[in-house]
Each structure stands twice: as C-alpha cells, then as structure tokens.
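The values are calculated or read from the model by the stated rules, or taken from the named source; none is laboratory data. The structure presented is a predicted model; accordingly, all values stated were derived computationally and were not measured. Neighbour counts run over all protein chains shown; Cβ positions are idealised from the backbone, glycine included.
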Amino acid sequence: MKKLMVAAFGLGLALTATTVYAANNKVNTVISVNFSDDEKVAVKPEELPEPIKKTLAGEEYKGWLVKEASLVKTATESHYEVSLNNEKETKTVKFNKEGALVK
C-alpha cells in the first residue's frame, strides 16, 4: 500500500506544472512538465491515404505543395498533420484518414 501511495504521489507531482520563484534574483521561471502518449511518425507525401490526396488536389488547396506530413497517434484518435506551403506562406492542416479536416 505504501508503494502505491508513493507511486500515486510521484505521478501526481510529475503531471503538475511546477512554478519556481527565484527570490534572490526576482526571476520567475516556469517549468512545465508535459507527458504525452502521442506518437508522431513521418509519412512521405506519396504515402498519404488516397482520400487525403484527393482533398489536397481539390480547389481549396490549389497552389499549395505538401512540405511534410506525419501520422499522429494519440490514446483516443489518429490523424495526419500535413504542412503545406505556397509562394507566400506555410500552414499546417490536420486530416482524418477519410480526408476530412480535423480541428
């Protein structure tokens, strides 16, 4: 039981953002701890699912080129992040495997 309590305390401490104030220097430093189970895997543009390729070939993305793409897997979902650029700007969009935008 003691080990379980120590483990729960450690996990709670690890998942909490800790703020440290350096009183002598009057400096505020924020240490943020972010444990994420997200897995991000690079995907070649030509290996994107066909529905995403079809969406990117549509009018809305005319003039945009795929710079890089990744498959992001979380505990609850998977989606594709695609970085696009044209002559003036860069943007990242997220799609599900059916080619629909994900927010």
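How many residues are exposed (fewer than 14 other Cβ atoms within 10 Å of the Cβ) and touching a strand residue (DSSP E or B) at 6+ places or on another chain (Cβ under 7 Å) when one looks only at region 50-66?
Taking region 50-66 and keeping what is exposed (fewer than 14 other Cβ atoms within 10 Å of the Cβ), we get 50, 54, 57-60, 62-63, 65.
Next, only the ones that are touching a strand residue (DSSP E or B) at 6+ places or on another chain (Cβ under 7 Å) stay: 65.
The number of residues fulfilling the criteria is 1.
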Could you figure out which of (1) modelled with pLDDT under 95; (2) surrounded by 12 or more Cβ atoms within 10 Å (Cβ to Cβ) isn't true of LYS103?
-> (2)
Residue within region 79-86 that is on the phi < 0 side of the Ramachandran plot and in contact with a Pro (Cβ under 7 Å, 6 or more places away or on another chain) present | no
Tabulated pairs, region 54-80, first more than 14 Å from LEU101 (Cβ to Cβ) and in a helix (DSSP H, G or I), second β-branched (Val, Ile, Thr) and at pLDDT below 95, C-beta under 6 angstrom, 6+ apart or interchain = none
Restricting attention to region 62-103, which residues are more than 16 Å from GLU46 (Cα to Cα), of a type in the set (Gly, Ala, Ser) and assigned by TED's automatic domain parsing to the domain that holds LEU48?
-> GLY63, ALA75, SER78
